[in-house]
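Student: One structure coming up, written as structure tokens, with questions to follow.
The values are calculated or read from the model by the stated rules, or taken from the named source; none is laboratory data. The shown structure was predicted, so the numbers you read here are calculated from the model rather than taken from an experiment. Cβ placement follows ideal geometry from the backbone for every residue including glycine, while neighbour counts extend to all protein chains displayed. What goes into the accessible areas is simple: the full protein's heavy atoms, side chains included, and nothing from ligands, DNA or RNA. Shrake-Rupley method; radii C 1.70, N 1.55, O 1.52, S 1.80 Å.
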Amino acid sequence: MTGSDMKTNWSECLYWVVLLILHTTVSTLERFEVLGPAQPVVAVAGEDVVLPCYIKPNISAVDLSIEWFRVHSEDPLVHLYRDHEDRNEKQIPSYSERTSLFPEELRNGNTSLKVKNVRGSDNGQYKCLVQSAEWYDDSYINVHIKAIGTQPMISIEGYKEGGISLVCESKGWYPQPQVVWMDSEGHKLPAGHTETYTDSMGLFIVRRRVIVQETKTNRFTCRVLQQGFSEVRETVTDVPGEIFHRAHPWKVAFAVFFSLGVPAIIILAVLIPHYMKQQREKELLKAQRYAGEFLLLLLPIAALLCRRHNNDFDVTLDPDTAHPELVLSENRKQVRHEDAKQDLPDNPERFKNRKSVLGIEGFSSGRRYWEVQVGDKTDWTLGVARESINRKEYFALNPNNGLWALRLGSGKYEALTDSPVLLHLSVKPQKVGVYVDYEEGQVSFYSVKDKSHIYTFTGYKFTEKLYPFFWPGFRNSDPLIISPVSHTD
């Protein structure tokens, strides 16, 4: 080999060595790691959260592509930054207007994502992918959504399957909680399955029923617990003893007859043995069952008389609260709807959107009972409202907004709880009795004619003055009529 050949080979060797060094240097400079948090990110529903993601070394990410994805999703894109701008045309719709990077922090290698107004559906695993023309890396972030729901609300649905049916409802939870019914000693009660729904925020609404028997205390507890976050909320209710009487006809039937006087006792003592002697053993058992069922129909009399005693409330409608399309009678005991709007001053007390009216007198203690004739009307709402109820805007008709009411509409009777409870009534009420026990936090409704219990709101704590509430409906012009309480019905 000549000296010239050796020189050429060394030149080529030097060239490749330099090229390799340059290539290695450039590649090293372009390489980076994407780092996320070691622990799951806990986000509170309704608040904003930052999902941390950083580049190491902290080179500028301004010229890079940054993609945030939901893992295990068919349409996974949460946020895309490319060519110096956000490109969210193919973003998951539920994240629209809720995601953003930190533009001023990109030059420091901060590629974290901010998610506004977190909801239950945001729970899960995310991927932060950062890439240049020559390199990419990613990191996974687990997000755990946490939401503590409302205080459980307990309602009495009435007599069912030999006992009293109670329903407990709580909303706004994530993840899904457990619902447990307990007696006064803390023992778990056998209950129905937990009904589960989700709201517009992806949060859980839970509802569970239990059928209870009369006890020494008639005290029952609904507990809602979220084991993952060790969160517990519970409500205790005391069920009025007279409600259980419908489940124990013979026990209270005699109490009813005692209240009617000695002659009735004598009649009962004579007629039942005489009837029993005329039957064979099999027929006798049938007669006893029949007698029990017959007396069962009389039992609500005792409860209703108890409600009425010394609690009669003389309700008069307040014209200053009446919506302009409502017409009151001269004695202010009747209200009906007319399409023509009256020219009335828009004073602070008057309902502007809800076509409703309140009683003129309120109360902040004690017990009150009044009766309203609904007749054959096909839509109406009756109940009690707190003084601060919204008079100017539409609002959901439920206790959270200060209304405890019963409604007839579209052929359905409903108790207006947070999620309305559909009521199955065997007899259409012509006259409805409303009973309020302020200290006990209870509002009950009765069908006056057949002396039956319809529904009871219980477990509430009243803190404002309460007023009778009336909505006469639109479908006919028949009035709602406040009736004098009759103790001979």
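Student: What strands (runs of 3 or more DSSP E) completely inside the stretch 326-391 contain at least 1 residues that are small (Gly, Ala, Ser) and either touching a residue at least 12 places away in the same chain (Cβ under 8 Å) or in contact with an Asp or Glu (Cβ under 7 Å, 6 or more places away or on another chain) (or both)?
Tutor: Details: elements: 326-328, 334-337, 367-373, 380-386.
Passing ranges, in order: 380-386.
Student: Is it the case that residue 148 is among the β-branched types (Val, Ile, Thr), in contact with a Lys or Arg (Cβ under 9 Å, 6 or more places away or on another chain), within 28 Å of residue 228 (Cα to Cα) and open to solvent by 20 Å² or more (accessible area, probe 1.4 Å)? Explain how you work it out, then say what you get.
Tutor: On the way: among the β-branched types (Val, Ile, Thr): yes; in contact with a Lys or Arg (Cβ under 9 Å, 6 or more places away or on another chain): yes; within 28 Å of residue 228 (Cα to Cα): yes; open to solvent by 20 Å² or more (accessible area, probe 1.4 Å): yes.
Here the answer is yes, as residue 148 does meet what is asked.
Student: Among all residue pairs at least 6 apart or on different chains, which show Cβ distances below 9 Å where the first residue, located in the stretch 94-110, is closer than 13 Å to residue 63 by Cα and the second is loosely packed, with under 12 Cβ neighbours inside 10 Å and among the polar types (S, T, N, Q)?
Tutor: Every condition considered, the pairs that remain are 106/60; 107/60; 108/60; 109/60.
Student: So residue 393 ticks every box in (1) within 22 Å of the chain's Cα centre (by Cα); (2) of a type outside the set (S, T, N, Q); (3) under 14 Å from residue 323 (Cβ atoms); (4) crowded, with 17+ Cβ neighbours inside 10 Å but one. Which box is left unticked?
Tutor: (4)
Student: Can residue 130 be described as over 30 Å from residue 458 (Cβ atoms), aliphatic (A, V, I, L, M) and at pLDDT 95 or above? Before you say what the answer is, go through the steps one by one.
Tutor: Working: over 30 Å from residue 458 (Cβ atoms): yes; aliphatic (A, V, I, L, M): yes; at pLDDT 95 or above: yes.
In short, yes.
Student: So which residues in the stretch 403-413 are surrounded by fewer than 19 Cβ atoms within 10 Å (Cβ to Cβ) and of a type outside the set (Ser, Thr, Tyr), if there are any at all?
Tutor: 409, 411, 412
Student: So how many residues does the stretch 37-52 have that are of a type outside the set (Val, Ile, Thr) and either touching a Leu at 6+ places or on another chain (Cβ under 7 Å) or closer than 18 Å to residue 93 by Cβ (or both)? Walk me through it before giving the result.
Tutor: Let us first name the residues in the stretch 37-52 that are of a type outside the set (Val, Ile, Thr), namely 37-40, 43, 45-48, 51-52.
If we keep only those that are either touching a Leu at 6+ places or on another chain (Cβ under 7 Å) or closer than 18 Å to residue 93 by Cβ (or both) too, we end up with 45, 51.
Here the count works out to 2.
Student: Mind listing whichever residues of the stretch 433-466 are hydroxyl-bearing (Ser, Thr, Tyr) and either within 19 Å of residue 167 (Cβ to Cβ) or over 22 Å from the mean Cα position of the chain (by Cα) (or both)?
Tutor: If we filter the stretch 433-466 for residues that are hydroxyl-bearing (Ser, Thr, Tyr), which is where we start, we get 435, 438, 444, 446-447, 452, 455-456, 458, 460, 463.
Of everything in the stretch 433-466, those that are hydroxyl-bearing (Ser, Thr, Tyr) and either within 19 Å of residue 167 (Cβ to Cβ) or over 22 Å from the mean Cα position of the chain (by Cα) (or both) turn out to be 435, 438, 444, 446, 447, 452, 455, 456, 458, 460.
Student: I would also like to ask the following. Residue 377 - would you say it is surrounded by fewer than 18 Cβ atoms within 10 Å (Cβ to Cβ) and farther than 17 Å from residue 436 by Cα? Outline the logic, then answer.
Tutor: Values: surrounded by fewer than 18 Cβ atoms within 10 Å (Cβ to Cβ): no; farther than 17 Å from residue 436 by Cα: yes.
Criteria not met by residue 377.
Student: Of (1) open to solvent by less than 20 Å² (accessible area, probe 1.4 Å); (2) in a helix (DSSP H, G or I), residue 228 satisfies all except one. Which?
Tutor: (1)
Student: Based on what the data block shows, is residue 342 modelled with pLDDT of 85 or more, over 33 Å from the mean Cα position of the chain (by Cα), open to solvent by 40 Å² or more (accessible area, probe 1.4 Å) and polar (S, T, N, Q)?
Tutor: On the way: modelled with pLDDT of 85 or more: yes; over 33 Å from the mean Cα position of the chain (by Cα): yes; open to solvent by 40 Å² or more (accessible area, probe 1.4 Å): yes; polar (S, T, N, Q): yes.
Yes.
Student: Quick one: residue 318 ticks every box in (1) at pLDDT 90 or above; (2) open to solvent by 80 Å² or more (accessible area, probe 1.4 Å) except a single one, so which number is it?
Tutor: (2)
Student: Please tell me if residue 175 is under 16 Å from the mean Cα position of the chain (by Cα), over 30 Å from residue 213 (Cβ atoms) and open to solvent by 40 Å² or more (accessible area, probe 1.4 Å). Break it down stepwise before answering.
Tutor: Numbers: under 16 Å from the mean Cα position of the chain (by Cα): yes; over 30 Å from residue 213 (Cβ atoms): yes; open to solvent by 40 Å² or more (accessible area, probe 1.4 Å): yes.
Yes, satisfied.
Student: Just for the stretch 440-476: of the residues that are touching a Phe, Trp or Tyr at 6+ places or on another chain (Cβ under 8 Å) and assigned to a loop (DSSP other than H, G, I, E, B), which one is farthest from residue 385 (Cα to Cα)?
Tutor: 473
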